[in-house]
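Step one of this worksheet: look at the structure below.
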Amino acid sequence: MIEVALIIVLLVGGMAVVATAVSLVRVIIGVEMAVMAGILGAAMSEDISLVAIASVAGVAETVLMVAALFKMAKEGYV
């Protein structure tokens with residue numbers, strides 16, 4: 001039961017960080033907290049293939065978000 005509470009806290013905390021973010025870096029941090037909750041949920045299901053898929057998806061979205069942030073910074077939006 002404590003695992004479910006930890007997943008919920010990570011999700012709610014991540015969304016709270018995104019909702020109150022002042023900069024795009026904080027948005028990325030909040031989204032990463034939500035991704036960690038997804039990976040933790042996959043790990044709690046004890047399905048190794050689901051953990052691998054969640055981890056790959058987390059890495060891919062991180063790379064895309066950071067690339068978008070750098071492009072926005074280069075164009076002067078950040």
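The values are calculated or read from the model by the stated rules, or taken from the named source; none is laboratory data. From a predicted model like this one, the values you see are computed outputs, not experimental measurements. All Cβ positions, glycine included, derive from the backbone under ideal geometry; neighbour counts span all protein chains shown. Areas reflect the complete protein model, heavy atoms only, side chains present, ligands, DNA and RNA absent. Shrake-Rupley method; radii C 1.70, N 1.55, O 1.52, S 1.80 Å.
Quick notes on this one:
- Overall, the accessible surface of the chain at a probe of 1.4 angstrom is composed of carbon and sulfur to the extent of 78 percent.
- From largest to smallest, the equivalent ellipsoid semi-axes obtained for the chain from the alpha-carbon gyration tensor read 27, 16, 4 Å.
- Per residue accessible area in Å² of segment 1-75, where ligands, DNA and RNA are left out and the probe is 1.4 Å: 67 Å²
- Projecting label points 7 angstrom from Cα along Cα→Cβ for Val18 and Glu3 puts them 2.4 nm apart.
- Think of it as helices only: each DSSP H run of n ≥ 4 in the chain is worth -39500 (n - 2.57), and spread over all residues that comes to -29500 deg cm²/dmol at 222 nm.
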